[in-house]
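A.B. asks: The structure's right below; bear with me while I get my questions together.
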């Protein structure tokens, strides 16, 4: 599977990021230690760790439930992964203050819902399309962050169908928004 992904990236002129040194194993239940030469993970407060753990639990549990409900049916149909992720976005947002959505960056949007809607999303799409790895802004008490999601061969069958010749990396954008306190 990883070899197929690597081949599809190389075929589109995308090189893999440098390998990150593996973390050193630690006793069960203990945090992993950074590998030699790797940046040590940031230490956070217990309150922040608790909130992150709650959010991650919600995301992981929602992902597991959604995958099981959408992929393990006997009707023979298989949903598109990005649509399944939208179900996850929706379920997580109902239980939290976090919202997420896809935006088209440098390929055809397959849904009008994925066109960048406001100035933030339009500027984020331009930034990501030109190689930026993130675009963020805080406005009106909301933190918004957009990052690229690489589109693989299976995605490009629809987002860049023949006769379009894809010679560079193609991306969608993932926009995550959440309320923040004024600093």
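The values are calculated or read from the model by the stated rules, or taken from the named source; none is laboratory data. The structure displayed is predicted, hence computed values, not measured ones. Note that we place each Cβ from the backbone using ideal geometry, even for glycine, and neighbour counts take in every protein chain shown.
A.B. asks: Scan segment 29-39 and tell me whether some residue there is over 19 Å from the mean Cα position of the chain (by Cα), under 22 Å from residue 136 (Cβ atoms) and either modelled with pLDDT of 70 or more or assigned to a helix (DSSP H, G or I) (or both).
C.D. replies: yes
A.B. asks: Before we move on, is residue 130 surrounded by fewer than 16 Cβ atoms within 10 Å (Cβ to Cβ), at pLDDT 90 or above and more than 19 Å from residue 176 (Cα to Cα)?
C.D. replies: Against the criterion (surrounded by fewer than 16 Cβ atoms within 10 Å (Cβ to Cβ), at pLDDT 90 or above and more than 19 Å from residue 176 (Cα to Cα)), residue 130 qualifies.
A.B. asks: Taking residue 172 and the conditions (1) modelled with pLDDT of 95 or more; (2) assigned to a strand (DSSP E or B); (3) within 14 Å of the chain's Cα centre (by Cα), which numbered condition does it fall short on, given that it satisfies the others?
C.D. replies: (1)
A.B. asks: Hey, another quick one. Quick check on my filter: what residues within segment 35-61 are in contact (Cβ under 8 Å) with a residue 24 or more places away in the chain and farther than 23 Å from residue 151 by Cα?
C.D. replies: Correct list: 55, 58.
A.B. asks: Is one or more of the residues making up segment 103-117 assigned by TED's automatic domain parsing to the domain that holds residue 174, out of contact with any strand residue (DSSP E or B) (no Cβ under 9 Å at 6 or more places or on another chain) and over 11 Å from residue 175 (Cβ atoms)?
C.D. replies: Yes, because at least one residue in segment 103-117 is assigned by TED's automatic domain parsing to the domain that holds residue 174, out of contact with any strand residue (DSSP E or B) (no Cβ under 9 Å at 6 or more places or on another chain) and over 11 Å from residue 175 (Cβ atoms).
A.B. asks: Give the residue, chosen from 139, 117, that is more than 25 Å from residue 60 (Cα to Cα), surrounded by fewer than 14 Cβ atoms within 10 Å (Cβ to Cβ) and within 19 Å of the chain's Cα centre (by Cα).
C.D. replies: Within the list 139, 117, the selection yields 117.
A.B. asks: Considering only segment 76-113, how many residues are assigned to a loop (DSSP other than H, G, I, E, B) and either within 15 Å of the chain's Cα centre (by Cα) or buried (at least 17 other Cβ atoms within 10 Å of the Cβ) (or both)? Quick ask: steps written out before the conclusion?
C.D. replies: From segment 76-113, those assigned to a loop (DSSP other than H, G, I, E, B) are 76-80, 96-98, 105-111; that's our starting set.
Narrowing the set further to residues that are either within 15 Å of the chain's Cα centre (by Cα) or buried (at least 17 other Cβ atoms within 10 Å of the Cβ) (or both) leaves 98, 105-107.
So the answer is 4.
A.B. asks: State whether the residues of segment 146-153 include one that is assigned by TED's automatic domain parsing to the domain that holds residue 110 and out of contact with any helix residue (DSSP H, G or I) (no Cβ under 9 Å at 6 or more places or on another chain).
C.D. replies: Checked segment 146-153: no residue is assigned by TED's automatic domain parsing to the domain that holds residue 110 and out of contact with any helix residue (DSSP H, G or I) (no Cβ under 9 Å at 6 or more places or on another chain).
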